[in-house]
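S.K.: Here it is: the structure, laid out below.
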Amino acid sequence: MKFIHDYRHFIEVGCSSCGRKHTIPKGSYNLTMQGYTFHSPLICPCGHTASAAGKEKRTWTSKAENSAIPKRNKATTVKMLLVIGFVIVFFATEMTYMFHS
């Protein structure tokens, strides 16, 4: 089996022969230096049996690496700056009107 992703209450592994994904609950595996070892062997419907899942490389990504999030943050920042700019212009015109009247 090949390690795919680590969630809070389970891990997701994939079969190395057919590619089918399996979820294993938190109490059913141990973390080792090579990856994860299962308390009981995992049997895939394709017939492949495994008692461990290896971590070959870092497969998780942080939120900052996701491409949609920086775009959303940039758009939100631009909108906030526009609103702040309009508020400043509004108060400046109101103050100018108050001083001249």
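Coordinate-derived values only; no laboratory data. Bear in mind that the values here come from a model prediction, so they are computed numbers and not experimental data. So basically every Cβ, Gly included, is an ideal-geometry build from the backbone, and we count neighbours across all protein chains shown.
S.K.: Ranking request for peptides 85-92, 47-54: highest mean number of other beta-carbon atoms within 10 Å first, then the rest in descending order.
M.R.: Put in order of decreasing packing, that is 47-54, 85-92.
S.K.: Run through the range 1-61 and list the chymotrypsin sites (Phe, Trp or Tyr not before Pro) located in a DSSP loop whose Cβ has at most 11 other Cβ atoms within 10 Å.
M.R.: Passing sites in the range 1-61 are 7, 60.
S.K.: What nm value, rounded to one decimal, do you get for the distance between residue 31 and residue 51 when each label is placed 7 Å out toward the C-beta?
M.R.: Taking the simple label geometry, residue 31 and residue 51 are separated by 2.3 nm.
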